[in-house]
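Here's the structure, in structure tokens; my notes come after.
The values are calculated or read from the model by the stated rules, or taken from the named source; none is laboratory data. Only a predicted model underlies this, so the values are computations on that prediction, with no experimental measurement involved. Glycine also receives a Cβ, built like all others from the backbone with ideal geometry; neighbour counts cover every protein chain displayed.
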Amino acid sequence: MEVNRVNWHALPVDEVLSILKTKPQGLDEDEAKERLALYGPNELRRERGRSRLTIFLNQFKNVLILILLIATGLSIIIGEVLDAALIITIVIVSAILGTFQEYRAEKALEALRKLTAPEATVIRSGIEKRVLAREIVPGDILVLTAGDRVPADARVFESHELKLDESSLTGESTTVTKIVDPLPKDTSLADRLNMVYAGTVVVYGKGKAIVVATGMNTEMGKIAEMVQEVKEEKTPLEKRTDQIGKILAYLCLSVAVIVAGIGFFVWHYDLLTMAIWAISLAIAAVPEALPAVVTGALAIGMYAMARKNAIVRKLPAVETLGCTTIICADKTGTMTKGEMTVRKIYLKKFKDELIEVTGAGYEPKGEFRIGRNPINPLKLKEMDLLLLGCLLCNDAGLERIEDRWIVRGDPTEGALKVLSRKAGLTDEVKSLYPRIDEVPFSSERKRMTTFHRTENGKIIAFMKGAPEVILSRCSTLMVDGRVIDLSENDVKEILRINDDMASKALRNLAFAYKVFDKIPEKVDESIERDFTFLGIVGMIDPPRPEVKEALELCRKAGIKVVMITGDHKLTALAIARELKIFKDGDIALTGKELDSMSDEELEKIVEKVTVYARVSPKDKMKIVKALKKKGHVVAMTGDGVNDAPALKSADIGVAMGITGTEVAKEASDMVLSDDNFATIVSAVK
């Protein structure tokens, strides 16, 4: 049965079960064994790599190296043993260095293999059991729980708040809630909410899924195949060194022949004397110190770059970076911090004017401003309550580890925790309002409510969720500390503001509260009514403060910067406009639009495109290929497994040191130890 070309996300569960000839009770052991023999083990195929000896011998294919070896032989013939020893030492040291770097570059697939789960839970003959992940076959029923690494690509058919971290595959840090219903056939990989993929991690909930692809047929396998297929190309420096080598070879040979000819035919010296003269002249003309000088200069550059947080893994990359004409930069985590941050707050009191919150990332430092004027948020009663709701109606944790602030839990809730900390509400405040019950969040309800006991013995409930849902549960709203009736016009105005915030790529959450004299007898969604609306917070993963200056330096240096992201087009454009990457007349493309283009069609417009959104690993390679065909020296940044093929195919691949996966680092030429785009620009300088 041919299962690798089916659009599983577009099919109903019954049809998936039918095609794979399986059922919710799973396969029986005999059928599983037959399928294992048919499809092979669920593991990434190891291509026969080059041995260290092969890589070492390939180092001598350089024209300049061959000239030096010939010079060594000639030196020995005429008795210059010391010169011969010096030359051969230089050649061997250069070859060993090149071998070491190339052998490390072959390790990207090994890092990819480490992402696969060793074991998994499946249902076979109606019984749950643990099996080796390599023995999983198409048609197996996976049982997924929090903490599991998904062993194969599978179609979800049962989801109980099943949430996955797919950042290694898509590059986006937000968790993805899984559904069961079929999706349109042309849905991009990152939006296939009814699928789970090998190598991704379950962070919350539980569910079941039907295995549809294993081994090299998984999305992870396709990435591995692309990494293996990328052919190593010579760097600009290596190409120029080869050219110099050929020119020197022609010159040395020509001069030696001419001098020998003149000496023999014109001055009538004997043949042996002229042969020795010609050989001596050829040896003298060969710049035997050139490889050492080049290596030394690159090593100095490598050391200088390391001091600026740019760790070079392959020596020629030092020079390649200086030749770069286009930087294809990942948005999340490189241009931005990869950390959701509340930027705007809406309160009815200020009408259309939004409160601006400064600061970026999880560091709890920032101001609250109206216009350019700082305000004390705790002096506004509705703002005070909203911030208290951010602190209490929240399951995330915020902690400092060495010099970094880390969020434990959902990134969106982490942003709310940071917001409350910016206003001075700490965990000590949280301890004054112990949580006594809750109505948990679900993707169907789109809201969450928590109940807390106050110091005076009353119960305060905070509800957060999608603004339209929260509004439907409110009958009043607070304006300037006073509670008034929520009119139909108020609802329309608040929804208009919400839409306007969303159009600027802000992710919005509304807050409401209600006070009870005592805890309700039955705590469920039936009591989520007649709440008082407080306001809306809008968050985004904002640009790093230093990136704007770095982009300006790029423009002055004649280097074009292109944004590539797995995020949505609206979000990508909002950040690109703020950073002045996207201007009037530029083109923004999505992965879906790229798929519909031929390589030739992309080459015609590639220099006008400054934003690529919702792209796949294959799309990134297509972009790099088109730019290189236009004669550009391309630098590509990335941190996820999905970036590995493009990192390897670019003239210089730049991986992130903090958030980057081992796969990305192994496929790269350079690693940024601080994950900062500005570091690339410093390294170029």
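From the set of residues in segment 3-24 that are part of a helix (DSSP H, G or I) and in contact (Cβ under 8 Å) with a residue 24 or more places away in the chain, which is farthest from I179 (Cα to Cα)?
Taking segment 3-24 as the starting set, the residues that turn out to be part of a helix (DSSP H, G or I) are 8-10, 13-19.
Checking the rest, the ones that are also in contact (Cβ under 8 Å) with a residue 24 or more places away in the chain come to 8-10, 13, 16-17.
Details: W8: 13, H9: 10, A10: 12, V13: 11, V16: 15, L17: 17 Å.
Here the answer is L17.
Output the residues belonging to segment 184-214 that are touching an Asp or Glu at 6+ places or on another chain (Cβ under 6 Å), small (G, A, S) and surrounded by 20 or more Cβ atoms within 10 Å (Cβ to Cβ).
If the condition is that a residue be touching an Asp or Glu at 6+ places or on another chain (Cβ under 6 Å), small (G, A, S) and surrounded by 20 or more Cβ atoms within 10 Å (Cβ to Cβ), then A198, G207, A213 are the ones that fit.
Among the residues of segment 132-150, which ones are modelled with pLDDT under 95, touching an Asp or Glu at 6+ places or on another chain (Cβ under 8 Å) and either buried (at least 16 other Cβ atoms within 10 Å of the Cβ) or under 30 Å from E444 (Cβ atoms) (or both)?
A133, R134
If you check V439, V429, V479, which single one turns out to be closer than 17 Å to G535 by Cα and over 29 Å from the mean Cα position of the chain (by Cα)? Reasoning before the result, please.
Numbers: V439 fails: closer than 17 Å to G535 by Cα; V429 fails: closer than 17 Å to G535 by Cα.
Testing whether each residue is closer than 17 Å to G535 by Cα and over 29 Å from the mean Cα position of the chain (by Cα) leaves just V479.
For (1) of a type in the set (D, E, K, R); (2) touching a His at 6+ places or on another chain (Cβ under 7 Å); (3) over 21 Å from T332 (Cβ atoms), each residue gets a yes or a no:
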site	(1), (2), (3)
G566	no, no, no
A572	no, no, no
R577	yes, no, no
L602	no, no, yes
K622	yes, no, no
A644	no, no, no
G657	no, no, no
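Please determine whether any residue of segment 375-383 is part of a loop (DSSP other than H, G, I, E, B), over 30 Å from V201 (Cβ atoms) and not acidic (D, E).
Taking segment 375-383 first, the residues part of a loop (DSSP other than H, G, I, E, B) are 376, 380.
Still in the running and over 30 Å from V201 (Cβ atoms): 376, 380.
Keeping just the survivors that are not acidic (D, E) gives 376, 380.
Yes, because at least one residue in segment 375-383 is part of a loop (DSSP other than H, G, I, E, B), over 30 Å from V201 (Cβ atoms) and not acidic (D, E).
Give me a count of the residues in segment 453-468 that are among the charged types (D, E, K, R) and closer than 14 Å to C393 by Cα.
Step one: of segment 453-468, the residues among the charged types (D, E, K, R) are 453, 455, 458, 464, 468.
Narrowing the set further to residues that are closer than 14 Å to C393 by Cα leaves 453, 464.
So the count comes out to 2.
Looking only at segment 514-533, decide whether some residue is among the aromatic types (F, W, Y) and either closer than 30 Å to A683 by Cβ or surrounded by fewer than 23 Cβ atoms within 10 Å (Cβ to Cβ) (or both).
At the first step, the residues of segment 514-533 found to be among the aromatic types (F, W, Y) are 516, 531, 533.
If we keep only those that are either closer than 30 Å to A683 by Cβ or surrounded by fewer than 23 Cβ atoms within 10 Å (Cβ to Cβ) (or both) as well, we get 516.
Within segment 514-533, one or more residues are among the aromatic types (F, W, Y) and either closer than 30 Å to A683 by Cβ or surrounded by fewer than 23 Cβ atoms within 10 Å (Cβ to Cβ) (or both).
Against the condition under 23 Å from D191 (Cβ atoms) and either of a type in the set (S, T, N, Q) or modelled with pLDDT of 90 or more (or both), how does I587 come out, does it pass?
So I587 passes the test.
Given Y362, Y346, which one is surrounded by 20 or more Cβ atoms within 10 Å (Cβ to Cβ), aromatic (F, W, Y) and closer than 25 Å to N489 by Cβ?
Details: Y362 fails: closer than 25 Å to N489 by Cβ.
Residue meeting the stated conditions: Y346.
Scan segment 75-93 and tell me whether some residue there is within 44 Å of the chain's Cα centre (by Cα), among the hydroxyl-bearing types (S, T, Y) and at pLDDT 80 or above.
yes
(1) without any contact (Cβ under 8 Å) to a residue 24 or more places away in the chain; (2) in contact with a strand residue (DSSP E or B) (Cβ under 6 Å, 6 or more places away or on another chain); (3) within 30 Å of D500 (Cβ to Cβ): which one isn't true of S443, the others all being true?
(1)
Taking G205, is it on the phi > 0 side of the Ramachandran plot and either in the same structural domain as G147 (by TED's automatic domain parsing) or of a type outside the set (S, T, N, Q) (or both)? Outline the logic, then answer.
Numbers: on the phi > 0 side of the Ramachandran plot: yes; either in the same structural domain as G147 (by TED's automatic domain parsing) or of a type outside the set (S, T, N, Q) (or both): yes.
Criteria met by G205.
For segment 663-677, state whether one or more residues are under 26 Å from I587 (Cα atoms) and either in contact with a Ser or Thr (Cβ under 8 Å, 6 or more places away or on another chain) or of a type outside the set (A, V, I, L, M, F, W, C) (or both).
As a first pass, look at segment 663-677 and keep what is under 26 Å from I587 (Cα atoms): 676-677.
Then keep just the ones that are either in contact with a Ser or Thr (Cβ under 8 Å, 6 or more places away or on another chain) or of a type outside the set (A, V, I, L, M, F, W, C) (or both); that gives 676-677.
Yes, segment 663-677 contains a residue that is under 26 Å from I587 (Cα atoms) and either in contact with a Ser or Thr (Cβ under 8 Å, 6 or more places away or on another chain) or of a type outside the set (A, V, I, L, M, F, W, C) (or both).
What residue, among those in segment 542-568 that are surrounded by fewer than 20 Cβ atoms within 10 Å (Cβ to Cβ) and under 19 Å from E607 (Cα atoms), is nearest to the chain's Cα centre (by Cα)?
Of everything passing the filter in segment 542-568, K560 is nearest to the chain's Cα centre (by Cα).
Hey, among A644, A655, which residue is in contact (Cβ under 8 Å) with a residue 24 or more places away in the chain and either closer than 26 Å to A557 by Cβ or not assigned by TED's automatic domain parsing to the domain that holds L169 (or both)?
A644
Might you let me know whether segment 334-350 holds any residue that is over 30 Å from M383 (Cβ atoms), within 22 Å of the chain's Cα centre (by Cα) and either charged (D, E, K, R) or modelled with pLDDT under 90 (or both)?
yes
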